Amino acid sequence: MERIKQALERAEKDRKYQPQADRVVEALPPTGRGSVPVESGEDREIQFEVTRSIPVDSKTLERNRIRPPGADDEVARAYDLLASRVVDRASANGWNSIAVVSPVGGDGKSVTALNLAIRLVASPARTCLLVDLDFRRPKIAEYLGVSPQYGIEDVLRAKASVSETLFSPGIPRLSVLPVRQPVDTPGGLIDSMAASELAQEAKQRYANRIVLFDMPPVLGSGDTVHFLRNVDAVLVIAASGRTSESAIQETLSTLAGHNVVGCVLNCAEDTLTAY
């Protein structure tokens, strides 16, 4: 935990001299290898081949602090660095599925997940699937300015297929599985055999794909911890100057036994709220 405290203090000190420097600052605890296998249930084929394209408006991205492909400003370069480090550690450990989590709501988790996904597909040798599993407060479709006809909640309830739900936001090699509308009691969806099957299918279908899962905050919700058996590693997002050290420590303690790829201090502008 001392490494986390030192990283927080270092980021706060650096901000006095470089106001944007703490956009993406990582404190990296030790990582392990591999993932926990999940027992397979009934056979069910989940198709990913057909992807609709729904181009997003650049002004919508800018309003929601999403840096478009090709952006070359300070924030975009920080996300480029984050993507590079995530790819390096994922490749070294054989990981290709990563859950993006935060201690509480308002830490900029979904903004970071989207920006990271866009930077990951900058390489033509790699694809990315971004899955929104934050059912209570879904943000991915909203930040892209998309109103999906179907959501992943419909897929997990067998009311829609993945091909009907999956779309590309007009960014080559990036696919998105959104939530259509908030779900008040999502525990039965996240901790279900259908969710496990989908997660395993998503990570196994393409060797060059990285799957990102935008998860509910860790504290105050048991849904995230239940689902983590389906992923290889976890990326923790915290808001610099807003997320308390005790919340970060409690989150990392809760994630004990899982591979933590890194802890990102995100200079989020959102108001910190309870989840």
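The values are calculated or read from the model by the stated rules, or taken from the named source; none is laboratory data. Quick caveat: nothing in here was measured; it's all calculated off a predicted structure. Please note: Cβ atoms are built from the backbone with ideal geometry, for glycine as well, and neighbour counts cover all protein chains shown. Note: accessible area is taken over every heavy atom of the protein model, side chains too, but ligands, DNA and RNA are not part of it. Shrake-Rupley method; radii C 1.70, N 1.55, O 1.52, S 1.80 Å.
Some observations on this one:
- From the list 210, 140, the lone residue that is at pLDDT 95 or above, within 19 Å of residue 100 (Cα to Cα), touching an Asp or Glu at 6+ places or on another chain (Cβ under 7 Å) and among the hydrophobic types (A, V, I, L, M, F, W, C) is 140.
- Conditions (1) outside any loop (DSSP other than H, G, I, E, B); (2) within 30 Å of residue 159 (Cβ to Cβ); (3) touching a residue at least 24 places away in the same chain (Cβ under 8 Å): number failed by residue 250: (2)
- Subset tally (residues that are of a type in the set (D, E, K, R), within 20 Å of residue 194 (Cα to Cα) and out of contact with any Lys or Arg (no Cβ under 9 Å at 6 or more places or on another chain)) for the stretch 138-178: 2
- The requirement of being more than 17 Å from residue 134 (Cβ to Cβ) and of a type outside the set (Lys, Arg) is fulfilled somewhere in the stretch 210-230, by at least one residue.
- The set of residues from the stretch 58-76 being within 20 Å of residue 173 (Cβ to Cβ) and of a type in the set (D, E, K, R) comprises 67, 72.
- Residue 221 vs. criteria part of a helix (DSSP H, G or I) and either among the aromatic types (Phe, Trp, Tyr) or on the phi < 0 side of the Ramachandran plot (or both): no
- Cβ-Cβ contacts under 7 Å between residues 6 or more apart (or on different chains), taken from a first residue in the stretch 118-131 that is closer than 12 Å to residue 206 by Cβ to a second residue that is aromatic (Phe, Trp, Tyr), are listed as 127/206.
- Filter result for the condition that a residue is open to solvent by 50 Å² or more (accessible area, probe 1.4 Å), touching a helix residue (DSSP H, G or I) at 6+ places or on another chain (Cβ under 8 Å) and closer than 25 Å to residue 60 by Cβ, over 180, 173: 180
- For the stretch 43-52, the set of residues classified as within 16 Å of residue 129 (Cα to Cα) and either assigned to a loop (DSSP other than H, G, I, E, B) or at pLDDT 90 or above (or both) consists of 46, 47, 48, 49, 50, 51, listed by residue number.
- Residues that are more than 18 Å from residue 51 (Cβ to Cβ), of a type in the set (Ser, Thr, Tyr) and touching a residue at least 24 places away in the same chain (Cβ under 8 Å) were ranked within the stretch 183-216; the one that is least open to solvent (accessible area, probe 1.4 Å) is 196.
- When the criteria are applied in full, residue 231 fails the requirement of being open to solvent by less than 20 Å² (accessible area, probe 1.4 Å), touching a residue at least 40 places away in the same chain (Cβ under 8 Å) and over 18 Å from the mean Cα position of the chain (by Cα).
- 2 or more residues of a type in the set (S, T, N, Q): qualifying helices (runs of 4 or more DSSP H) within the stretch 73-185: 74-93, 109-120, 162-165
- Of all the listed residues (237, 171), the sole one being within 16 Å of residue 112 (Cβ to Cβ) and among the aliphatic types (A, V, I, L, M) is 237.
- Residue among 226, 258 that is touching a Gly at 6+ places or on another chain (Cβ under 9 Å), open to solvent by 30 Å² or more (accessible area, probe 1.4 Å) and assigned to a helix (DSSP H, G or I): 226
- Taking the criterion of being over 21 Å from residue 187 (Cβ atoms) and open to solvent by less than 10 Å² (accessible area, probe 1.4 Å), the only residue of the stretch 241-255 that qualifies is 248.
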